[in-house]
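Visitor: Sharing a structure below in structure tokens format, with a few things to ask.
The values are calculated or read from the model by the stated rules, or taken from the named source; none is laboratory data. Computed from a prediction, not measured in an experiment: that's the story for all the values here. Counting neighbours? That spans all protein chains shown, and the Cβs are built from the backbone with ideal geometry, glycine included. Each accessible area value is taken on the protein alone, full model and side chains, heavy atoms only, with ligands, DNA and RNA left out. Shrake-Rupley method; radii C 1.70, N 1.55, O 1.52, S 1.80 Å.
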Amino acid sequence: MHLRRCFSTLPQTFTDFVVPSYGRYTHIELSHGNGNRVWDTAGKSYLDFGGGIAVNSLGHAHPAILEAIQHQAGRIMHCSNLYLTVQQGELAERLVHLFGGAGKIFFCNSGAEANEGLFKLAKRYGLATGRHEIITAENSFHGRTLAAIAATGQDKIKAGFGPIVPGFAHVPFNDLNAVSNAINKDTAAVLIEGIQGEGGVTPATTEYLMGLRQLCDNNDILLMMDGVQCGHFRSGRFQSYQQILGVDSSFKPDAVSMAKSIGAGFPMGAFWADSAYADLLSAGSHGTTYGGNPLACAVAQAVLDVVEAEGLEENVRNNGQYLYDGLLDLQKEHKDVVSDVRGLGFMLGIVLKSNASDTPAADLVEALHQRGMLTVPAGTNVCRLLPALNTNKADIDECLAILKDAVQQI
Ligand SMILES: *Cc1c(COP(=O)(O)O)cnc(C)c1O
């Protein structure tokens, strides 16, 4: 093993031995991190405002996560879902309380898998009335499994994987009439992201969410939300609809998928279903071997502990606004490069003009790499900022200074 590395560079090792399904930045070999900072193997440090694509909710090497993993790994990591564990039961109860106290949780291991659970929930819901179709939005992203790419409203994600799983229809996002027109005798559910992530950081409007609720109620259709990226406090509230509509709103979806920030880097997914639908997936109808294992649940509990103890929901709202304001200033100073700033909390997108290049987002992300900052592109013209939920003003000031320098350059 060590011998090999003597003859080959790490990019070459990836070329030779790793399936090339990802477009990678092969000049960055990451070694370790602390808080919002990561270091590469050459010793260069980066301010991490990509957060592992909205996953590292407490930054890197958070002591509470380390402690939870060490403690739980020394007791019981995994035991299958044939038995009960305190960790899974207590985490489910805590999440249900965050959803207002009603409903139940199913645990799995990723965002795509959480959405697969929602698809099966919708099918079970429609079974009695012979309905099976799910309406999703154009530019949505729901994951990479066969059903999740069928649900995803982007042709490039489906390309070459036909025949595509049937039963999904796509309509323009934030367009209530389009949903209304798409509803037919087969429709069982609507699935949307509260803030489209991969599609370019586009929040749902108040009217859209309220109108969808009404439309789904009137047509006996489930309203399901993909909270994989925009959920778990990233918007400044537990779920994005609470931030978009205000916590006092009576709005409630029927089911929500979760992953990414929930495990702070430990792979975990889940979905919540309201009480009327929580028992649709009866014993034997759905499952996953690792889902909700005690180690994953202990980590997710530690994340919630820190979010509560350190007031991170408020931190995301306050410092998210601070970052947003800084980005608006950047836009004002560089109208020729930045056309818009979108998003909520710590899920923000810098929309770039295609002046000199067809790939302005990729250009900016690379210019930021050179200056020691990690961010994530969304499509060709949006640069996403997804920092840890505990990000402070000093890190935001540094981010804004690096951005300013990079924007001046491109
Ligand atoms: C990342 C993402 C997924 C897929 O999650 P995986 O853990 O990669 O399977 C699904 N939906 C949304 C909105 C996402 O951002």
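Visitor: Treating only the Cβ of Lys, Arg, Asp and Glu as charged (+1, +1, -1, -1), what charge dipole size does the chain show about its Cα centre? Round to the nearest 20 debye.
Guide: In debye, rounded to 20, the chain gives about 720.
Visitor: Another one. In nm, what is the difference between 0.36 nm times the number of residues separating Phe251 and Met77 and their Cα-Cα distance?
Guide: This chain segment gains 58.9 nm when fully extended.
Visitor: Show me the trypsin sites (Lys or Arg not before Pro) within segment 57-162 that DSSP assigns to loop and that have at most 16 other Cβ atoms within 10 Å of their Cβ.
Guide: On the way: sites: Arg75, Arg94, Lys104, Lys120, Lys123, Arg124, Arg131, Arg144, Lys156, Lys158; in loops: Arg75, Arg131, Arg144.
Answer in residue order: Arg75, Arg144.
Visitor: 7 Å from Cα along Cα→Cβ at both Gln321 and Thr9: what's the point-to-point distance in nm?
Guide: Reported label-point gap for Gln321 and Thr9 is 4.8 nm.
Visitor: Grab the other residues whose beta carbon is less than 12 angstrom from that of Arg131, score K and R as +1, D and E as -1, and report the net. The partial results should precede the final answer.
Guide: Numbers: positive: Lys123, Arg124, Lys185; negative: Glu133, Asp186, Asp220.
The answer is 0.
Visitor: Okay, next question. Indicate the gyration tensor shape class of segment 15-61 (rounded, prolate or oblate), computed on the Cα atoms with a ≥ b ≥ c the square roots of the eigenvalues: a/c under 1.5 is rounded; otherwise a/b larger than b/c is prolate and the rest oblate.
Guide: oblate
Visitor: Using protein chains only and a probe of 1.4 angstrom, how many square angstrom of Ser339 are accessible, to the nearest 10?
Guide: 50
Visitor: Tell me, what is the FRET efficiency for Asp305 and Asp329 to the nearest 0.05, using R0 = 41 angstrom and their Cβ-Cβ distance as r?
Guide: That pair, Asp305 with Asp329, gives E of 0.70.
Visitor: Calculate, axis by axis, the spread of Cα positions in segment 76-309 along the three principal axes, and write the results as whole Å, longest axis first.
Guide: 50, 38, 34
Visitor: Among Leu82, Leu280, Leu344, determine the one that fluctuates most according to a GNM of the chain built with springs between C-alpha atoms less than 10 Å apart.
Guide: Leu82
Visitor: For Ala283 and Glu207 in the same chain, what is the full-extension length gain: residue separation times 0.36 nm, less their Cα-Cα distance, in nm?
Guide: Stretched out fully, the Ala283 to Glu207 stretch lengthens by 23.6 nm.
Visitor: Take Lys335, Lys353 and sort them by solvent-accessible surface of the protein heavy atoms, 1.4 Å probe, largest at the top.
Guide: If we order Lys335, Lys353 from most to least accessible, we get Lys335, Lys353.
Visitor: Ok, one more. Please find, in a Gaussian network model of the chain (springs between Cα atoms separated by less than 10 Å), the residue of Asn36, Asn56, Asn177 whose mean-square fluctuation is greatest.
Guide: Comparing Asn36, Asn56, Asn177 in the GNM, the peak value goes to Asn177.
Visitor: For segment 197-326, what class follows from the C-alpha gyration tensor (a ≥ b ≥ c being the square roots of its eigenvalues): rounded when a/c is under 1.5, otherwise prolate if a/b is larger than b/c, else oblate?
Guide: It is oblate, given that a/c is not under 1.5 and a/b is not larger than b/c.
Visitor: With each label point set 7 Å from Cα along the Cα-Cβ vector, what nm distance links Ser45 and Lys185?
Guide: 6.6
Visitor: From the helices alone, meaning DSSP H stretches of at least four residues, give me the mean residue ellipticity at 222 nm for the chain, per-run term -39500 (n - 2.57), in deg cm²/dmol to the nearest 500.
Guide: So the calculated ellipticity at 222 nm is -12000 deg cm²/dmol.
Visitor: Restricting to bridges with both residues inside the chain, how much of the DSSP beta-bridge set is antiparallel, in percent to the nearest 5?
Guide: Bridges in the chain are about 65 percent antiparallel.
Visitor: Name the residue from Ala151, Ile396, Val306 whose Cα lies farthest towards the positive end of the charge dipole of the chain, charges +1 on Cβ of Lys and Arg and -1 on Cβ of Asp and Glu.
Guide: Working it through, the farthest residue towards the positive pole turns out to be Ala151.
Visitor: Going down the list Lys44/Lys260; Lys123/Lys185; Lys332/Lys353; Lys158/Lys185; Lys158/Lys252; Lys260/Lys393, which pairs span over 21 Å between their C-alpha atoms?
Guide: Lys44/Lys260; Lys158/Lys185; Lys158/Lys252; Lys260/Lys393
Visitor: Residues of segment 76-309: accessible area per residue at 1.4 Å, in Å²?
Guide: 39
Visitor: In what sequence, largest accessible area first, do Thr380, Thr206 appear using a 1.4 Å probe?
Guide: Thr380, Thr206
Visitor: Ordered by residue, what ³J(HN,Hα) values in Hz, to whole numbers, does segment 127-144 give under the Karplus form 6.51 cos²θ - 1.76 cosθ + 1.60, where θ = phi - 60° and Gly and Pro are x?
Guide: After applying 6.51 cos²θ - 1.76 cosθ + 1.60, I find 3, 4, 10, x, 10, 8, 7, 10, 8, 10, 9, 5, 6, 6, 9, 10, x, 10 Hz.
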